[in-house]
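The structure appears right after this line, and notes come after that.
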Amino acid sequence: MTRLEGVALAFTLVLVAIGFGSLVAGLGGSQEVRPPTPGESANAPHVRVEVLNAANVPGLAREGTRRLREAGFDVVYFGNAGGEPQGESVVLDRAGELETARQVARVLGIAQVRSAPNKELYLDVSVLLGRDWRAEKASAR
């Protein structure tokens, strides 16, 4: 074995040892834990929510989204519902977990909760904010 081959072999062994050490350290390493955001409980379940403005009132869905995010819910979409304006607000259970929908309804001060499972939406809860919804109602609860 020439001197050059010996150096190459030693270099290769060092790289293998570093790679193996990194692998072992990675297997037993700690995971980074994200602290809860303000208003989010460390034990809060991951609830995916969409908030729809069904009243054609500017900013309604944005305000509902803000309230829910402050309470620790994951609002994955907000926007306009389309169609005719709706008078009453309603929270729809999309995942077969009615109690989860009730929790969302309590945060927003909405009385009407219905079960309307739809696995194609990849959501747990849909919120349709009607003309009756006011941010003040939500903050009073």
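Expected output is a single nm value to one decimal: the length gained when fully extending between Met1 and Val76, i.e. 0.36 nm times separation in residues minus the C-alpha distance. What is it?
20.7 nm
Are there chymotrypsin sites (Phe, Trp or Tyr not before Pro) in the stretch 54-138 that DSSP puts in a loop and that have at most 15 other Cβ atoms within 10 Å, and which ones? List each step's numbers first, then the result.
Numbers: sites: Phe73, Tyr77, Phe78, Tyr122, Trp133; in loops: Phe73, Tyr122, Trp133.
Answer in residue order: Tyr122.
Sequence-ordered 3J(HN,Hα) estimates for the stretch 123-134 from the Karplus curve with 6.51, -1.76 and 1.60 and θ = phi - 60° stand at 10, 9, 9, 10, 10, 10, 8, x, 5, 6, 7, 10 Hz, glycine and proline given as x. Return the FRET efficiency for the residue pair His46, Ser115: r is the Cβ-Cβ distance, R0 is 22 Å, and the value is rounded to the nearest 0.05. Once rounded, the FRET efficiency stands at 0.65.
Here the residues Leu4, Leu108, Leu123, ranked from fewest to most Cβ neighbours within 10 Å of their Cβ, fall in the order Leu4, Leu123, Leu108.
Since every read-out is calculated from the coordinates, none of them should be taken as a lab result. Quick caveat, the model's predicted, so the values are computed rather than measured. Counting neighbours? That spans all protein chains shown, and the Cβs are built from the backbone with ideal geometry, glycine included.
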